[in-house]
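Read the figures in this text as sums done on the coordinates, not as results from a lab. Treat the numbers as computed from the prediction; the structure is a model and nothing was measured. All Cβ positions, even for glycine, are placed from backbone atoms using ideal geometry, and neighbour counts span all protein chains on display.
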Amino acid sequence: MSVLLKTLGGAVGVGASALAYAALIERNWFALREASVPVLPPGSSPVRILQVSDLHLTPGQERKIGWVRALANLQPDFVINSGDNLSHLEAVPGLLRAMEPLLEFPGAFVLGSNDYYAPVLKNPALYLTSRYARVEHERPLLPTQSLVDGLTGGGWRDLNNARSRVSVAGVPLEFVGVNDPHIELDRYAAVAGPAAEDVALTIGLVHAPYQRVLDAMVADGAGLVIAGHTHGGQLRVPGYGALVTNCDLDRRRASGLSRWWPGAGGAGSAGGAQAPYVGDPRAVAPSSQAPPDAAWLHVSAGLGTSRFAPVRFACRPEATLLTLVATEP
């Protein structure tokens, strides 16, 4: 009996230590990821895009605010905010303070469900069930318009169900974005159309990377789609990876770069077992299984957590510096 008690005691101790690490250390251990994406025409100059996503900010998170502000030192050519900025009714002032230095650079944004609806306390185990995508629309409303006004007032482009062209570091780009598919606010049909022929690249922007949106954007010629939402799984099992993505995306694509083409995720399947995954953004390699014209998909693991589940494990919070480079001639 003493051996059993010691074993159980040891297991409880390990579990408690892991929980303390996930709640106190890793969720505040912010990382900058960097990746090079070969999507520009031969001879193009590089374009550096900084992506920030899923801050889920609450008042008082000064460490996170300071870390995000310091990203301006990277001097990016363009900044993308892919949504889920808020986790509290009074978080907009802090969010705009975090974004303030980044607003000095050209940028664009889309919104996520947590820019509309405040989080509520619920059983965290639901995240691992088929009810993961259910959003209760009776949740308290966040001050969305104040957020939008602050970002557009700083000069950033609102790409919620919108298209826009911009010259970035002398390279002509086209952006097409949708509002959050997770709460069915995406209206891609309103902005659909072939990629412009007189730009170097069309980039899709979406908060939650649902397959219906990825397929539509890439079918229209987007060479790169940028998304957030997944938190990289938030809780990852070493050697196995993310348990869920909180949408119908293959869990192997929970963060980082992969190739995407219409149907890559499987016909209506959330598994997409046949879809090749490129891997960690620090060690990107082309996939031999992808068709030559496959687009690139980047999913950020984001910088925050729900205020009611403030843990991360084997999945550090992150921002990403994507360097778009020319393809081989």
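Residue by residue through segment 150-158, what is 3J(HN,Hα) from phi via Karplus (6.51 cos²θ - 1.76 cosθ + 1.60, θ = phi - 60°)? Round to whole Hz and write x for glycine and proline.
These are the phi-based 3J(HN,Hα) values: x, 6, 6, x, x, x, 7, 8, 7 Hz.
Would you kindly derive the ³J(HN,Hα) couplings of segment 318-323 from the backbone phi angles with the Karplus curve 6.51 cos²θ - 1.76 cosθ + 1.60 (θ = phi - 60°), listing them in order in whole Hz, with x for Gly and Pro?
In residue order, the calculated couplings are 8, 10, 10, 9, 9, 9 Hz.
If packing is taken as the average count of other Cβ atoms within 10 Å, what order do 232-241, 103-112 fall into, highest mean first?
103-112, 232-241
Which ³J(HN,Hα) values, rounded to whole Hz and listed in residue order, are derived for segment 140-145 from phi using the Karplus coefficients 6.51, -1.76 and 1.60 in 6.51 cos²θ - 1.76 cosθ + 1.60 with θ = phi - 60°, glycine and proline given as x?
For segment 140-145, the Karplus curve yields x, 7, 8, x, 4, 5 Hz.
Quick one: if you stick a label point 7 Å off each Cα along the C-beta vector at GLU197 and SER36, how many nm between them?
3.2 nm
Order of 183-196, 84-97 by packing, highest average Cβ count within 10 Å first?
Put in order of decreasing packing, that is 84-97, 183-196.
Using modelled amide H (1.01 Å from N, peptide plane; none on Pro or chain starts), what sits under 5 Å from the amide H of LEU40, excluding residues fewer than 5 places away?
Amide H neighbours of LEU40, under 5 Å, 5+ apart: VAL325, ALA326, THR327.
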